[in-house]
1. Is there a quick way to get the dipole size of the chain? I mean about its Cα centre, with the Cβ of Lys and Arg at +1 and of Asp and Glu at -1; what is the value in debye to the nearest 20?
2. Any idea which of GLY110, ILE33, LEU148 is furthest toward the positive side of the dipole for segment 7-178, if Lys and Arg beta-carbons carry +1 and Asp and Glu beta-carbons -1?
3. Starting with the fewest neighbours, write out LEU127, LEU140, LEU57 ranked by other beta-carbon atoms found within 10 Å of each beta-carbon.
4. Say R0 is 30 Å: what FRET efficiency, to the nearest 0.05, do PHE124 and LYS44 get from their beta-carbon distance?
5. What shape does segment 116-179 take by its C-alpha gyration tensor, where a ≥ b ≥ c are the square roots of the eigenvalues and a/c under 1.5 counts as rounded, a/b above b/c as prolate, and the rest as oblate?
6. Among LYS129/LYS179; LYS13/LYS179; LYS54/LYS84; LYS13/LYS129, which pairs are too far apart, with a Cα-Cα distance over 28 Å?
7. Just subtract the alpha-carbon distance of GLU90 and SER8 from 0.36 nm times their residue separation and send over the number in nm, one decimal.
8. Taking only C-alpha pairs under 8 Å that are 6+ residues apart, what is the relative contact order of segment 7-178 in percent?
Amino acid sequence: MANGVSISGKTKKRIREAAGAVVSEQGAAKLTIEAVATEAGISKGGLLYHYGTKRELLEGMLDDLLLERGALFSANKDSSGREKLSSLIETEFTLSPEERSAAQSILAAGAEDPALLQPARDYFNTLFKHVTYAEEDPELIITVALALQGMQLLETMGLFQFTSDQKTRLKKRLLELAK
């Protein structure tokens, strides 16, 4: 192990990143074990050693997406809901193209297998519990969180793309509302 991460862990991360790249470049429908193995530069058997099924790979991708966001709540236990929401806004506005692609592929897979989305359901239950706890205006906090998530969903699904200037102004306004 180097830096606390095993070779297997590094390979799994490379595979998940390759899966995000496949979706980003070719679309969610092209996410196959073969395409990901090619993108990752490993054999199909090597990929299947680490992720026995496409579902396991998608679960790993979802775990990656939710890990950083979930850490906002555990790292900031003593923060107010508004402070947590501000951290979430900052995080959501820095989604990489790979993260957005991973979210897109997970949404597509979730349409076929809703059970795959259970970790996301758990995350959103935690999100709304944390951002609204002990706040004087929980409805405002929920509204800001919903606006943020709605914007991200529109972009993730390719239904609407905000310009860079719009994103800057929206981020500023959401942060103002979260204060």
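Just so you know, all these numbers are worked out from the coordinates, no wet-lab data involved. Here the structure is a predicted model, which means the values were calculated and not measured. Cβ coordinates were reconstructed from backbone atoms using ideal geometry, including for glycine residues, and neighbour counts include every protein chain displayed.
1. Roughly 300 debye, rounded to the nearest 20.
2. ILE33
3. So the residues, fewest neighbours to most, are LEU140, LEU127, LEU57.
4. Plugging the Cβ-Cβ distance into 1/(1 + (r/R0)^6) gives 0.30.
5. Oblate shape, in that a/c is at least 1.5 and b/c is the bigger or equal ratio.
6. LYS13/LYS179; LYS54/LYS84; LYS13/LYS129
7. 26.4 nm
8. 24
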